[in-house]
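Some notes on the structure that comes next.
The values are calculated or read from the model by the stated rules, or taken from the named source; none is laboratory data. Remember, it's a predicted structure, so these values are computed and weren't measured experimentally. Please note: Cβ atoms are built from the backbone with ideal geometry, for glycine as well, and neighbour counts cover all protein chains shown. Heads up: the accessible areas ignore ligands, DNA and RNA and are worked out on the full protein's heavy atoms, side chains in. Shrake-Rupley method; radii C 1.70, N 1.55, O 1.52, S 1.80 Å.
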Amino acid sequence: EDQVTQSPEALRLQEGESSSLNCSYTVSGLRGLFWYRQDPGKGPEFLFTLYSAGEEKEKERLKATLTKKESFLHITAPKPEDSATYLCAVQAGGGNKLTFGTGTQLKVEL
Amino acid sequence: GAVVSQHPSWVICKSGTSVKIECRSLDFQATTMFWYRQFPKQSLMLMATSNEGSKATYEQGVEKDKFLINHASLTLSTLTVTSAHPEDSSFYICSASDPTSTDTQYFGPGTRLTVL
């Protein structure tokens, strides 16, 4: 059974204080690892897809990396508008369904 | 970018009634659509996967007679919660898989269902 574990559960940062979120996974035949951002009361917003170990992707203050066992979402100089829950999900095997982690709730304060 | 809409965004109904939620992919044709349920402060739990023109595949523990899914076209899927009860109150979110974007799932804004 595919398993995805995210840490920490919650993270409080000061504006400008860089940090990383972790997503550890155990799957059989990884096809893709996805990062989403979810604001309260809304659906997840797609951020990145990573396919193979060593791959990196960047978007504004966010950078996602992938190894054979985990992925990191690095947030550089965060702003209050980066406050949200960040979800990691894996797609494995022959199908295209996603298995989600429980998310990291990020709060960036002034 | 890929846009998925849901309607309604929220609904309140009486116990025993049925509620239909629509999910549409607005700017792409989705080969597959997914329905999720999310409880407060929890992650998304996949309920079912639907492909256009065929029966939905339900996850273990999800009652297919209670949660009816119809995927009539490549841009529309509907979820009907039949004989709703208070324990069905939840946040329901759909997603659509874009085959031109290596099957990335794009999510709708969600529907808040409250059953009184």
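Tabulated data for the structure shown
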| item | result |
| --- | --- |
| Any hit, the stretch B:90-102, residues being in contact (Cβ under 8 Å) with a residue 40 or more places away in the chain, open to solvent by 30 Å² or more (accessible area, probe 1.4 Å) and not small (Gly, Ala, Ser) | yes |
| Failed condition for B:Ala2, given (1) more than 10 Å from every other protein chain (Cβ to nearest Cβ); (2) open to solvent by 20 Å² or more (accessible area, probe 1.4 Å); (3) in contact with a helix residue (DSSP H, G or I) (Cβ under 9 Å, 6 or more places away or on another chain) | (1) |
| One residue from A:Lys107, A:Lys57, A:Lys68 being part of a loop (DSSP other than H, G, I, E, B) and not aliphatic (A, V, I, L, M) | A:Lys68 |
| Pick from the stretch B:24-47, criterion farther than 16 Å from A:Gly41 by Cβ and at the interface with chain A (Cβ under 10 Å from one of its Cβ atoms), ranking: farthest from the chain's Cα centre (by Cα) | B:Thr31 |
| Of the criteria (1) within 13 Å of chain A (Cβ to nearest Cβ); (2) open to solvent by 10 Å² or more (accessible area, probe 1.4 Å); (3) under 19 Å from B:Lys20 (Cβ atoms); (4) touching a residue at least 40 places away in the same chain (Cβ under 8 Å), which one B:Tyr106 fails | (3) |
| The stretch B:18-43, residues that are open to solvent by less than 10 Å² (accessible area, probe 1.4 Å) and in contact with a Phe, Trp or Tyr (Cβ under 8 Å, 6 or more places away or on another chain) | B:Ile21, B:Cys23, B:Ser25, B:Trp35, B:Tyr36 |
| Strands (runs of 3 or more DSSP E) completely within the stretch A:15-54 that count 2 or more residues being within 11 Å of chain B (Cβ to nearest Cβ) and either open to solvent by 10 Å² or more (accessible area, probe 1.4 Å) or in contact with a strand residue (DSSP E or B) (Cβ under 8 Å, 6 or more places away or on another chain) (or both) | A:30-38, A:45-50 |
